[in-house]
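Below: one structure, written as structure tokens.
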Amino acid sequence: MTGQRSATHTLSTFVGGWDDLVALAGRWLWLDMVGTGIHLGDTLPGTRPAQLSHAWGWGEGWWIRVRADVDLPGGLVAARLDLLPAEPALRAAAAGTPVIPTARKVRTWGRNDAEVSAAEQPDMPARLRELHVRLDAPGEGVISAATLVFIDDAVRATESEDPSEGRR
């Protein structure tokens, strides 16, 4: 008999701008349409790249997914995923919507796949993975539920470092 799993993380809207993202200590993967295209580093550029499309960041107990677009208010929108504390009192006080991410291994493009600057890729971590968070309450006019995808190097895993953990 299997019971319903308890939430392991909280999902919230990241409140802040580019400077607030730059200040977060962690790892970053970002995509822009100029230069090498895909970038991986310990910090984001001090100035937001003009052609930035997406950025994903992760650190000790947190993950962020950023979508940049000139048509968005402030030019970007971001969601934050946080690991729930183990202590019950702290779990109860945690901000955000409780969620259970599903981990999957990321498929990175090969040098001959004809994708964004594939020949210029940074060295990707060996265990890069996606954390999928299903949004079960679709907004007005949305027919099906959506999924937010966060990325990390599987070092700061959910409950297990096995990328297949949590698959349904």
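Key figures
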quantity	calculated
Top-ranked residue in the range 78-94 [being open to solvent by less than 70 Å² (accessible area, probe 1.4 Å) and free of Cβ contacts under 8 Å to residues at least 12 places away in the same chain; ranked as nearest to residue 53 (Cα to Cα)]	85
Meets criteria (at pLDDT 85 or above, assigned to a loop (DSSP other than H, G, I, E, B) and either touching a helix residue (DSSP H, G or I) at 6+ places or on another chain (Cβ under 6 Å) or basic (Lys, Arg) (or both)) for residue 48	yes
Failed item, numbered, when residue 68 is tested on (1) touching a Lys or Arg at 6+ places or on another chain (Cβ under 8 Å); (2) surrounded by 18 or more Cβ atoms within 10 Å (Cβ to Cβ); (3) in contact (Cβ under 8 Å) with a residue 24 or more places away in the chain	(3)
Condition check for residue 26: open to solvent by less than 50 Å² (accessible area, probe 1.4 Å), closer than 23 Å to residue 134 by Cβ and among the small types (Gly, Ala, Ser)	no
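The values are calculated or read from the model by the stated rules, or taken from the named source; none is laboratory data. Keep in mind that this is a model prediction, so the values were computed, not measured. Cβ coordinates were reconstructed from backbone atoms using ideal geometry, including for glycine residues, and neighbour counts include every protein chain displayed. When the accessible area is computed, the model is the full protein with side chains, heavy atoms only, and any ligands, DNA or RNA have been set aside. Shrake-Rupley method; radii C 1.70, N 1.55, O 1.52, S 1.80 Å.
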